[in-house]
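First up is the structure itself, then whatever we jot down about it.
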Amino acid sequence: MALPASDLTKQPDNRTTMELGAVLPRTAEVNDGHLFIGGVDMVELAREQGTALYVYDEEDLLARMRTYRDSFHALYPNSDVVYASKAFLNKEVARMAQREGLCLDVSGGGEFACSQMVGFPASRVFMHGNNKTPRELREAISAGVGRIIIDSRIELGRISEIAGELGVVQDIYMRITPGVEADTHEYIRTGCEDSKFGFTMNDDFAFRCVADVLAAPNVRLAGLHCHIGSQIFALHSFKEAAAVMVNLMARIEAAYGYRIEELDLGGGLGIAYTADDKPSTIEQFAEMTTTAVKECCAELGVSLPRLLVEPGRSLVANAGVTLYTIGILKTLPGIRKYVAVDGGMSDNIRTALYHAVYEPAIANKADQPRTEIVTLAGKHCESGDAVVVDMPLQHPDLGDIVCVFGTGAYCYAMASNYNGQPRPAVVFVRDGQARVVTRRETYADVFGRDI
Ligand code: LLP
């Protein structure tokens, strides 16, 4: 698929790198024209480690984890922040989440396995997935996974049976589809009625299924869960979802005489992908959700549940950037200017998949204004392979190091080996030091499983 036609009237914004606002990682600075993150020169780092390269600002990651944890605890002591590891998972970020007192949301057996490899307490792991396999369920239950979020009645039966065989009672949540339409891309919208996820509220189905859940042996209904979507800017969507969920808790208590002790409102807080984006802050999100839950509970006479949220993107996206080297320049007059980099849809599929928009800057010209409109094309055999489409950039030359901001979520996590491309290394930077936390793949890694 080709790229959408360029808007040839688009003007460069002449911003320098430090004028890119909330897309920048917290410690970004420019010294002598070079971009530094965590006190490390991105141009030197690219030379040392090669490109494409994922770089995370460790201080930024820690600050976001702490802000989430502290703002929820301050407003709502009986709460936990569950890091949605699907956004970015490797062993080091799992260790970091554990040290910072977060719980972990894993989607399926692979992410669960990573959590166990680093000794993340299984009791603080929440397992998701709309079709967890019997093997994934068995491994998680026997390891003592804290909560399994069930997605269907079929799965209820499966978990009940496996827990019975293992002689345990498994704590579960029911995932509810609350029918709230969040304002985001349709592919990542999940809370609306046409969804493969969860128990629908249509025809009161979810409410009726509670009877089955309460009757099932070897499981305990510990809570309810919902996730209305991702990259959400309008905080009122979370308030609406909270109201639907607390209302359901009240009805369950009235009809079944069963108190729901925990409420998990999922993730979804939006982040800045462009310099003009003004997402809500973590503190505002905490204020909105905790107030909504408290008010609805007071109104309906429901006792306050333990509250959980599952942020992914808003914890990691702006802490991460991707570095590339410019290898080819090609200007098609009256069409667009292509700047080809040494990565692409294999390390960032989001542009091709969701028409995601990213801000780029040249790390070795970081103090210069972005005077051109360019498309950063990838190196893959596909016309739609681009990381950045028609965005301002400093004047590009061969060999320049381009930094694409806001790539910390769902880029490494969704990376592939398309065209046999080894996946990039992941480097954490802090206090002038860079450490490789995931090494670059080799060709032997990519083809080593082949017989
Ligand atoms: N909880 C559940 C049950 C989820 O399904 C998700 C994301 C989250 C939490 C975290 O949501 P966040 O805070 O990151 O918005 N690949 C897409 C995003 C898919 C999100 C899937 N679920 C993207 O690149 O935009």
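The values are calculated or read from the model by the stated rules, or taken from the named source; none is laboratory data. None of these values were measured; they are calculated from a predicted model. Counting neighbours? That spans all protein chains shown, and the Cβs are built from the backbone with ideal geometry, glycine included. When the accessible area is computed, the model is the full protein with side chains, heavy atoms only, and any ligands, DNA or RNA have been set aside. Shrake-Rupley method; radii C 1.70, N 1.55, O 1.52, S 1.80 Å.
Summarising the strand pairing of the chain, around 45 percent of its internal DSSP beta bridges are antiparallel. Taking the C-alpha atoms only, the angle from helix 134-143 to the longest principal axis of the chain is near 80 degrees.
In summary, the aspartates and glutamates within cross-link reach of K132, defined as a Cα separation below 13 angstrom excluding same-chain residues under 8 places away, comprise E111, D151, E155. Could you work out what % of the accessible surface of the chain is carbon and sulfur, using a 1.4 angstrom probe and leaving DNA, RNA and ligands out of the count? Here it works out to 50 percent. For K337, the lysines whose Cα falls under 24 Å of its own Cα, not counting residues fewer than eight places away in the same chain, are K10, K365, K379. Each residue, I154 and E100, gets one label point 7 Å from its Cα in the Cβ direction; the gap between the two is 3.7 nm. Summarising the amide proton neighbourhood of V402: residues at separation of 5 or more, or on other chains, whose placed amide H is nearer than 5 Å comprise Y324, T325, I326, A363. Where the centre of each part is set by its Cα atoms, how far does the stretch 94-163 sit from the stretch 362-380, in angstrom? A separation of 42 Å, based on Cα centres. Net charge dipole, the stretch 59-316: roughly 640 debye, given to the nearest 20, about the Cα centre with Cβ charges of +1 for Lys and Arg and -1 for Asp and Glu. The spacing between the stretch 256-272 and the stretch 294-313, judged by their C-alpha centroids, is 7 Å. Solvent exposure of the stretch 59-316 amounts to 38 Å² per residue of accessible area, where only protein heavy atoms count and the probe is 1.4 Å. Here the stretch 59-316 yields Rg over Rh of 0.94, to two decimals, using C-alpha coordinates and the Kirkwood radius. Accessible-area rank, largest first, for C381, C209: C381, C209, with all protein chains present and a 1.4 angstrom probe. Here the relative contact order of the stretch 344-415, from alpha carbon pairs under 8 Å that lie six or more residues apart, stands at 45 percent. Output the 0 to 90 degree angle, nearest 10, between the alpha-carbon long axis of helix 282-300 and the longest principal axis computed from the alpha carbons of the chain. Taking Cα atoms only, the helix is inclined about 20 degrees. Counting only alpha carbon atoms, the long axis of helix 153-166 and the longest principal axis of the chain meet at about 80°.
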